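Asker: Here it is, the structure in full.
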Number of protein chains: 2
Amino acid sequence: MDDRALVKAIRAIIGSDATDDDCAVIEDGENYLVMSTDMLHETTDFPKGITDYECGWMAAAVTLSDVASMGAAPIALLLAVGVDRAERVEEITRGADACCRAYGCRLMGGDMDAHSECTLVSSGLGRVSRDGLVRRRGAQPGDVVAITGIPGRAQAGLDGYPEYWKALITPRPGVFEGQALGRAGATAMMDVSDGLSISLHDLAEASGVRMDVDEAAIPRPGGVPAEDAARYALFGGGDFGLLFTCPEDVFPVAGVDATCIGRVAEGEGVYLDGEPLAKAGYAHYWE
Amino acid sequence: MDDRALVKAIRAIIGSDATDDDCAVIEDGENYLVMSTDMLHETTDFPKGITDYECGWMAAAVTLSDVASMGAAPIALLLAVGVDRAERVEEITRGADACCRAYGCRLMGGDMDAHSECTLVSSGLGRVSRDGLVRRRGAQPGDVVAITGIPGRAQAGLDGYPEYWKALITPRPGVFEGQALGRAGATAMMDVSDGLSISLHDLAEASGVRMDVDEAAIPRPGGVPAEDAARYALFGGGDFGLLFTCPEDVFPVAGVDATCIGRVAEGEGVYLDGEPLAKAGYAHYWE
């Protein structure tokens, strides 16, 4: 049973509109508020050799990325910290605070607890105008499919390419890109932190469309053997680029460094150069 | 080093106004948004014998109580769930969802992960009008000191009194009371989840005042030997009553079942029948 199977069970309890996107969406007068929470802990999320400061940065970044993927501006972040030694809390807080400041957000508190395994949960709040909100479900046939950044870099870092270590441990959420894309008219968006392939499937499924992707168009990390680079780009997790769709005449969006990798069509499924693309990527499996 | 010592180190990084209250406070037009996060896990928070459903309820309740203690209405809650077996997530979600519904809030999503120790982090968002917000720092000399509910019941449940087991495992946050007290003009407020004594100290310190408490006035759990009952009421944790101050002419507040236990005076410290009251209660200690 993986995350996505469980999500279906959870939807039956709390309703599907609350679990369809990277954030929950809450009415707030002329705006929407968006809210997200992410749990990271040592055995499943923190690569060996990461410092406490970097753990804090990473915890903030994953949640800022969720807020960004809705087209929203992050306004507040809270961090719950469970650690074995109290001394670690300070450096973790410094890292999370630095990440928040770098992206115009503010770390406004949290909780802490003695815990045998370092466990960080960041919860973020963002705000977006009614017409700037982007969900996963708006992709339309004819739209461009595009991504920001270079997918696969974090996986390359995890697999031992030192030039990508920083991409893995201090990922950069697309806070400015997400808002620009929302204002410009992106029709569907999410981050690719679970991997590009699985994110394409999620976006196509949520929108009820087919996506055709051109493998040669996908940017991939340099300095890595070609076969590995292609695999990292499609199936590696931990990158914080944004995957989005938008009408052709909207692309490219000023100030957003993005690459067109395909097209939205009527139908369902994701096709890579005409062949079905495996729905695989980073997922939390229970034994 | 305990929570409160660490808070001082954290304040130096993120600013003291972000850590003074049960929630972070965020400007939102004519209103304030309040936001809180709480980490609970097996070794420190969940009594033996508690069910998954009750764990979910408790996780939601602690955060709804934080929102309530600011005078705010809860509008959304997210739950991050780390568990050893995926099957547990469903019952935990049911419990959290039931607690949210009971208090006019909505469980809107979360995160989940495989974790060796059951770890739940709930994050809540609330909204309150500008004049309804209550912080810890507004108590004024001459104000009444009062509490809702009966402190010590949860501790009695933990110590084996079966009639208080439910008070311990399915605590009831003061969502309606908090809002009524905020509208009526409470000057300072917090919940007593860490224990009454330590909460009195926190409130007095945040407000820069002295509090004189009348021990005989403090309600305490029945069916428990007198000495234990008094100790539970002052130093037991896990209850979700609200401790608040308000001008004399405001008390009692219609619809709120509260007990006056003392007075605010100029100065500092907390005194029980004229003697200094120990600042002790439930705290997370690292070895």
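Asker: Within the bounds of segment B:84-92, is there any residue that is more than 14 Å from B:Gly126 (Cα to Cα), in contact with a Phe, Trp or Tyr (Cβ under 9 Å, 6 or more places away or on another chain) and at the interface with chain A (Cβ under 7 Å from one of its Cβ atoms)?
Answerer: Yes: segment B:84-92 contains one or more residues that are more than 14 Å from B:Gly126 (Cα to Cα), in contact with a Phe, Trp or Tyr (Cβ under 9 Å, 6 or more places away or on another chain) and at the interface with chain A (Cβ under 7 Å from one of its Cβ atoms).
Asker: Exactly one of (1) closer than 19 Å to B:Lys279 by Cβ; (2) modelled with pLDDT of 85 or more is unmet by B:Asn31. Its number?
Answerer: Result: B:Asn31 fails condition (1) only.
Asker: Of all the residues that make up segment A:5-24, how many are touching a Leu at 6+ places or on another chain (Cβ under 7 Å) and at pLDDT 90 or above?
Answerer: The number of residues fulfilling the criteria is 1.
Asker: Among B:Asp113, B:Asp131, B:Asp143, which is the only one that is more than 8 Å from chain A (Cβ to nearest Cβ), touching a strand residue (DSSP E or B) at 6+ places or on another chain (Cβ under 7 Å) and of a type in the set (Asp, Glu)? Can you show your working first?
Answerer: Details: B:Asp113 fails: more than 8 Å from chain A (Cβ to nearest Cβ); B:Asp131 fails: touching a strand residue (DSSP E or B) at 6+ places or on another chain (Cβ under 7 Å).
Testing whether each residue is more than 8 Å from chain A (Cβ to nearest Cβ), touching a strand residue (DSSP E or B) at 6+ places or on another chain (Cβ under 7 Å) and of a type in the set (Asp, Glu) leaves just B:Asp143.
Asker: Quick check on segment A:116-127: of everything there that is crowded, with 24+ Cβ neighbours inside 10 Å and not β-branched (Val, Ile, Thr), which residue is farthest from the other protein chains (Cβ to nearest Cβ)?
Answerer: For segment A:116-127, the residue satisfying everything is A:Gly126.
Asker: Sort out which residues of segment A:87-130 are touching a helix residue (DSSP H, G or I) at 6+ places or on another chain (Cβ under 8 Å), among the charged types (D, E, K, R) and outside any strand (DSSP E or B), and write them in order of number.
Answerer: A:Arg88, A:Glu90, A:Glu91, A:Arg94, A:Asp97, A:Arg106, A:Glu117
Asker: Look through B:Asp97, B:Asp113 and report the one residue that is over 19 Å from the mean Cα position of the chain (by Cα) and at pLDDT below 95.
Answerer: On the way: B:Asp97 fails: at pLDDT below 95.
Just one listed residue meets the conditions, B:Asp113.
Asker: Restricting to strands (runs of 3 or more DSSP E) lying wholly in segment B:1-85: which have 2 or more residues that are farther than 26 Å from B:Asp97 by Cβ?
Answerer: B:24-28
Asker: Something else now. Residue under question is A:Thr119, and the condition is that it be polar (S, T, N, Q) and outside the structural domain of A:Asp194 (by TED's automatic domain parsing); does it hold?
Answerer: In short, yes.
Asker: Sort out which residues of segment A:65-75 are surrounded by 24 or more Cβ atoms within 10 Å (Cβ to Cβ) and either facing chain B (nearest Cβ under 8 Å) or of a type in the set (Gly, Ala, Ser) (or both), and write them in order of number.
Answerer: Result: A:Ser65, A:Ala68, A:Ser69, A:Gly71, A:Ala72.
Asker: Can you find, within segment A:170-227, the residue that is nearest to the chain's Cα centre (by Cα) among those that are farther than 30 Å from A:Gly160 by Cβ and charged (D, E, K, R)?
Answerer: In this case the residue turns out to be A:Glu205.
Asker: Moving to a separate point now. Can you name the condition, by its number, that A:Leu6 falls short on among (1) surrounded by 24 or more Cβ atoms within 10 Å (Cβ to Cβ); (2) over 23 Å from B:Thr63 (Cα atoms); (3) without any contact (Cβ under 8 Å) to a residue 60 or more places away in the chain?
Answerer: So A:Leu6 meets the others, but not (1).
Asker: Scan B:Thr93, B:Thr44 and give me the residue that is among the polar types (S, T, N, Q), surrounded by fewer than 20 Cβ atoms within 10 Å (Cβ to Cβ) and not assigned by TED's automatic domain parsing to the domain that holds B:Leu242.
Answerer: B:Thr44
Asker: Same structure, new question: Please verify whether A:Ala139 is part of a loop (DSSP other than H, G, I, E, B), buried (at least 24 other Cβ atoms within 10 Å of the Cβ) and at pLDDT 95 or above, treating the condition exactly as stated.
Answerer: Yes, satisfied.
Asker: Just to verify a result, which residue in segment B:6-18, among those that are at the interface with chain A (Cβ under 7 Å from one of its Cβ atoms) and over 17 Å from B:Gly124 (Cα atoms), is nearest to the chain's Cα centre (by Cα)?
Answerer: Kept after step one, since they are at the interface with chain A (Cβ under 7 Å from one of its Cβ atoms), are these residues of segment B:6-18: B:6, B:9-10, B:13-14, B:18.
In the following step, the residues that additionally are over 17 Å from B:Gly124 (Cα atoms) were identified as B:6, B:9-10, B:13-14.
Details: B:Leu6: 19, B:Ala9: 22, B:Ile10: 21, B:Ile13: 25, B:Ile14: 23 Å.
If we take residues in segment B:6-18 being at the interface with chain A (Cβ under 7 Å from one of its Cβ atoms) and over 17 Å from B:Gly124 (Cα atoms), then B:Leu6 is nearest to the chain's Cα centre (by Cα).
Asker: Looking at B:Glu215, B:Glu227, B:Glu248, can you tell me which residue is surrounded by fewer than 20 Cβ atoms within 10 Å (Cβ to Cβ), among the charged types (D, E, K, R) and in contact (Cβ under 8 Å) with a residue 60 or more places away in the chain?
Answerer: After applying the criteria, what remains is B:Glu248.
Asker: Could you check B:Gln155 against (1) under 22 Å from B:Cys99 (Cβ atoms); (2) modelled with pLDDT of 95 or more and say which number it fails?
Answerer: (2)
Asker: Being more than 28 Å from B:Ala73 (Cα to Cα) and either within 11 Å of chain B (Cβ to nearest Cβ) or touching a Gly at 6+ places or on another chain (Cβ under 9 Å) (or both) is true for just one of A:Asp38, A:Asp45, A:Asp21. Which residue is that?
Answerer: A:Asp45
Asker: Restricting attention to segment B:44-57, does a residue exist that is touching a Leu at 6+ places or on another chain (Cβ under 7 Å) and of a type in the set (Asp, Glu)?
Answerer: No, segment B:44-57 contains no residue that is touching a Leu at 6+ places or on another chain (Cβ under 7 Å) and of a type in the set (Asp, Glu).
The values are calculated or read from the model by the stated rules, or taken from the named source; none is laboratory data. The structure presented is a predicted model; accordingly, all values stated were derived computationally and were not measured. Neighbour counts run over all protein chains shown; Cβ positions are idealised from the backbone, glycine included.
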